[in-house]
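Trainee: I'd like to ask some things about the structure below.
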Amino acid sequence: MKLLVAITGASGAHLGLEFIRYLPKEIEPFLIISDNAKKVFEKEYPSIDIFDTNDIAAAPASGSFRVDATAIIPCSMNTLAKIAVGISDNLVTRAALVAIKEQKKLLLAPREMPLSPISLEHMSKLANLGVIIAPPILAYYSQIKTLKDLEKFLIGKWYDALGIEHNLFKRWE
Ligand SMILES: Cc1cc2nc3c(=O)[nH]c(=O)nc-3n(C[C@H](O)[C@H](O)[C@H](O)COP(=O)(O)O)c2cc1C
């Protein structure tokens, strides 16, 4: 499975990085991130292909790159709004719109609180197009005791939504 992960300027970029860290070996990840996050990432994960969000000519800008799924974690309200109205002004928004036009899985993890009616309208519109709207929301079941447990729970829920096998949390029985 070819999985494209994008990290935008909302709080919680760390979650996007952790999302990649726990991926099983058989998943082939590609990453789009901002310039600053890129420097850190290149040192910590040298084996992953990273694209610059300003490089609008990079491979994920085309449907012929054929990613199976795209996840934007976290997804800012800015990026959410642009996707909802079809603006593709950088590689992240372009890749998201490619996922929609190619009818591939697209998961957005919007992070904002409280949510404005504008963002809720955008989420509703995208959800009706089949986009998975999966914000990082707290849970207190599944034996969650630490922040790390909570992160693993969230990442596991995102993997579930994308059909990626995992063992990151104890399932409800
Ligand atoms: C420290 C910091 C935290 C931010 N957190 C959020 C956030 O949680 N959610 C959000 O929608 N925007 C947040 N923003 C605002 C976005 O970074 C801003 O809207 C930016 O234009 C998003 O650009 P992008 O969508 O291209 O990444 C934050 C900005 C800063 C400086």
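Trainee: When region 7-24 is examined, which residues are found to be near the ligand (Cβ under 9 Å from one of its atoms) and not β-branched (Val, Ile, Thr)? Lay out the reasoning, then the answer.
Mentor: If we filter region 7-24 for residues that are near the ligand (Cβ under 9 Å from one of its atoms), which is where we start, we get 7-12.
Selection gives Gly9, Ala10, Ser11, Gly12.
Trainee: Any residue at all in region 108-120 that's of a type in the set (Gly, Ala, Ser) and closer than 30 Å to Trp172 by Cβ? Working first, answer last.
Mentor: As a first pass, look at region 108-120 and keep what is of a type in the set (Gly, Ala, Ser): 109, 116, 119.
Subset that is closer than 30 Å to Trp172 by Cβ: 109, 119.
Yes, region 108-120 has at least one match.
Trainee: May I pose another question? When Ile133 is evaluated against the numbered criteria (1) out of contact with any Pro (no Cβ under 7 Å at 6 or more places or on another chain); (2) more than 19 Å from Leu31 (Cα to Cα); (3) hydrophobic (A, V, I, L, M, F, W, C); (4) within 14 Å of the ligand (Cβ to nearest atom), which criterion, by number, is the only one it fails?
Mentor: (1)
Trainee: For region 97-109, check the following and say yes or no: at least one residue is over 23 Å from Lys2 (Cβ atoms) and under 13 Å from the mean Cα position of the chain (by Cα). Step through it out loud before you land on a result.
Mentor: Our first condition is that a residue be over 23 Å from Lys2 (Cβ atoms); within region 97-109, this holds for none.
Scanning region 97-109, I find no residue that is over 23 Å from Lys2 (Cβ atoms) and under 13 Å from the mean Cα position of the chain (by Cα), so the answer is no.
Trainee: Would you tally the residues in region 144-173 being assigned to a loop (DSSP other than H, G, I, E, B) and either among the aromatic types (Phe, Trp, Tyr) or out of contact with any helix residue (DSSP H, G or I) (no Cβ under 6 Å at 6 or more places or on another chain) (or both)?
Mentor: Kept after step one, since they are assigned to a loop (DSSP other than H, G, I, E, B), are these residues of region 144-173: 144-146, 163-173.
Next cut, either among the aromatic types (Phe, Trp, Tyr) or out of contact with any helix residue (DSSP H, G or I) (no Cβ under 6 Å at 6 or more places or on another chain) (or both) only: 145-146, 163-165, 167, 169-173.
The number of residues fulfilling the criteria is 11.
Trainee: Can you pull out every residue in region 18-40 that is at pLDDT 90 or above and surrounded by 14 or more Cβ atoms within 10 Å (Cβ to Cβ)?
Mentor: The first filter runs over region 18-40 and keeps only residues at pLDDT 90 or above, leaving 18-32.
Correct list: Glu18, Phe19, Ile20, Tyr22, Leu23, Ile27, Glu28, Pro29, Phe30, Leu31, Ile32.
Trainee: Within region 141-173, can you find the residues that are more than 16 Å from Leu23 (Cβ to Cβ) and in contact (Cβ under 8 Å) with a residue 40 or more places away in the chain?
Mentor: If the condition is that a residue be more than 16 Å from Leu23 (Cβ to Cβ) and in contact (Cβ under 8 Å) with a residue 40 or more places away in the chain, then no residue fits.
Trainee: Are any of the residues in region 117-124 among the β-branched types (Val, Ile, Thr) and over 16 Å from Gly9 (Cα atoms)? I'd like the intermediate steps shown before the answer.
Mentor: Residues of region 117-124 that are among the β-branched types (Val, Ile, Thr), as a first pass: 118.
When the remaining residues are screened for being over 16 Å from Gly9 (Cα atoms), the result is 118.
So far as region 117-124 goes, yes, one or more of its residues are among the β-branched types (Val, Ile, Thr) and over 16 Å from Gly9 (Cα atoms).
Trainee: Just to be sure before I move on: is Ala96 within 18 Å of Ser11 (Cβ to Cβ) and either surrounded by fewer than 19 Cβ atoms within 10 Å (Cβ to Cβ) or touching a strand residue (DSSP E or B) at 6+ places or on another chain (Cβ under 9 Å) (or both) in the structure I sent? Step through it out loud before you land on a result.
Mentor: Details: within 18 Å of Ser11 (Cβ to Cβ): no; either surrounded by fewer than 19 Cβ atoms within 10 Å (Cβ to Cβ) or touching a strand residue (DSSP E or B) at 6+ places or on another chain (Cβ under 9 Å) (or both): yes.
No; evaluated as a whole, the condition is false for this residue.
Trainee: Does at least one position in region 141-153 carry a residue that is under 20 Å from Gly12 (Cα atoms), surrounded by 13 or more Cβ atoms within 10 Å (Cβ to Cβ) and touching a strand residue (DSSP E or B) at 6+ places or on another chain (Cβ under 9 Å)?
Mentor: In the first step, residues of region 141-153 are kept if they are under 20 Å from Gly12 (Cα atoms); the result is 144-153.
Narrowing further to those that are surrounded by 13 or more Cβ atoms within 10 Å (Cβ to Cβ): 144, 149-153.
Filter again for touching a strand residue (DSSP E or B) at 6+ places or on another chain (Cβ under 9 Å), leaving none.
No - not one qualifying residue is present in region 141-153.
Trainee: Here's a follow-up. Tell me the residue from Glu121, Glu173, Glu112 that is surrounded by fewer than 18 Cβ atoms within 10 Å (Cβ to Cβ), acidic (Asp, Glu) and modelled with pLDDT under 95, please. I'd like the intermediate steps shown before the answer.
Mentor: Details: Glu121 fails: modelled with pLDDT under 95; Glu112 fails: modelled with pLDDT under 95.
Result: Glu173 is the single residue among Glu121, Glu173, Glu112 that is surrounded by fewer than 18 Cβ atoms within 10 Å (Cβ to Cβ), acidic (Asp, Glu) and modelled with pLDDT under 95.
Trainee: Any residue that is at pLDDT below 95 and within 16 Å of the ligand (Cβ to nearest atom) - is there at least one of those in region 41-50? Break it down stepwise before answering.
Mentor: First, pick out the residues of region 41-50 that are at pLDDT below 95: 41-50.
Retained after the next criterion (residues that are within 16 Å of the ligand (Cβ to nearest atom)): 41, 50.
Among the residues of region 41-50, at least one is at pLDDT below 95 and within 16 Å of the ligand (Cβ to nearest atom), which makes the answer yes.
Trainee: Another question about this same structure. With respect to Leu138, determine if the residue is surrounded by fewer than 17 Cβ atoms within 10 Å (Cβ to Cβ), away from the ligand (no atom under 12 Å from the Cβ) and within 25 Å of Glu18 (Cβ to Cβ). Outline the logic, then answer.
Mentor: On the way: surrounded by fewer than 17 Cβ atoms within 10 Å (Cβ to Cβ): yes; away from the ligand (no atom under 12 Å from the Cβ): yes; within 25 Å of Glu18 (Cβ to Cβ): yes.
Considered against the rule, which asks whether it is surrounded by fewer than 17 Cβ atoms within 10 Å (Cβ to Cβ), away from the ligand (no atom under 12 Å from the Cβ) and within 25 Å of Glu18 (Cβ to Cβ), Leu138 comes out as yes.
The values are calculated or read from the model by the stated rules, or taken from the named source; none is laboratory data. All values reported here derive from a predicted model rather than from experimental measurement. So basically every Cβ, Gly included, is an ideal-geometry build from the backbone, and we count neighbours across all protein chains shown.
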